[in-house]
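What follows is a single structure, written as structure tokens, with notes after it.
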Amino acid sequence: MTFLPRRMTGLALLLLAGACWATAGPRTEKSILRLVLDGPVMEKPKDAASLMALFKKSEARTLHQLIKTIHQAAASTEIAGLALVIDHPEIKLAQIEELTQALKAFQAKGKKVYCYMDYATNGSYALAVAADHITLAENGELEIMGLHGEMMYFKGLLDKIGVGADMMHCGAYKSALEPFTRTEPSPEAAENVNWLLDSIYDRWIQLIATGRKLSVAEVKKLIDAAPLTAQQALDGKL
């Protein structure tokens, strides 16, 4: 028997309970796929990823590999469910949406997805909500505080060292050179950034609302109150 750390006790019980069961006929044994997300989710293999895997003693997998694994498990008659352990992955919203679709296809086969996290951030929680059941460590937090953006401007520095940027400006919404000619974004550049953040935020909110069967208004209220303790997340039906 393999013993798991104390913080994994709940998941261990889940795995042991789901590993095999008896039916009215012959005894049937099935497995639970354990999928751990930790570190970068690559779009394609890179040499740097191999080096990172060496130091972390784990393999940096690609998005394609993860999705293929989930689809194969969905089609397998030997896999009864999926235990998803989310441990601080470096993952983008587009990747989260693709993995969510794969998990939904897995669930469409009548198989359950169970998720465990020590704590959750914006991205990791957006993926976790695709699961049928989420377990958050008792002393963990749900750090879903929303989005923000930062831009750097160098004109103030250039003025101090006596350097002037001589560049051609091509239009109101062409802001690539603004960091060298301004100390803050132009109204048009600020409008563009806010439009992008609003779009990402709305989609992120929708993923959470759909996954937890809450209204958009309820999710926004909870985010405004974040970070949330595990008990507060439980009370908020997250």
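Observations
- Amide H contacts under 5 Å for residue 140, placed H, 5+ residues apart: 230
- Estimated vicinal HN-Hα couplings, Hz - segment 139-152 in sequence order (Karplus 6.51, -1.76, 1.60; Gly, Pro = x): 9, x, 10, 9, 9, 10, 8, x, 10, 8, x, 10, 10, 9
- Filtered trypsin sites (Lys or Arg not before Pro), segment 179-236: DSSP coil and at most 14 other beta carbons within 10 Å: 213
- Label point distance in nm, residue 64-residue 92, each placed 7 Å from Cα along Cα→Cβ: 1.6 nm
- In order through segment 190-203: 3J(HN,Hα) via Karplus (6.51 cos²θ - 1.76 cosθ + 1.60), integer Hz, x for Gly, Pro: 5, 4, 4, 5, 5, 4, 5, 5, 4, 5, 5, 4, 4, 5
- If you wrap the Cα atoms of segment 116-158 in a convex hull and average its projected area over all directions, you get 4.6 nm².
- In sequence order, calculated HN-Hα J values of segment 70-77 (Karplus, 6.51, -1.76, 1.60; Hz; x Gly/Pro): 5, 5, 5, 5, 5, 7, 7, 7
- Alpha carbon convex hull of segment 136-238, volume per residue in cubic angstrom: 129 Å³
- Added length on full extension, which subtracts the Cα-Cα distance from 0.36 nm per residue, residue 30 to residue 75: 14.9 nm
Every number in this text was worked out from the coordinates using simple rules, so none of it is lab data. Since we're looking at a predicted model, the values are computed, not measured. Quick reminder, even Gly has a Cβ in these numbers, built from the backbone with ideal geometry, and neighbours come from all protein chains shown.
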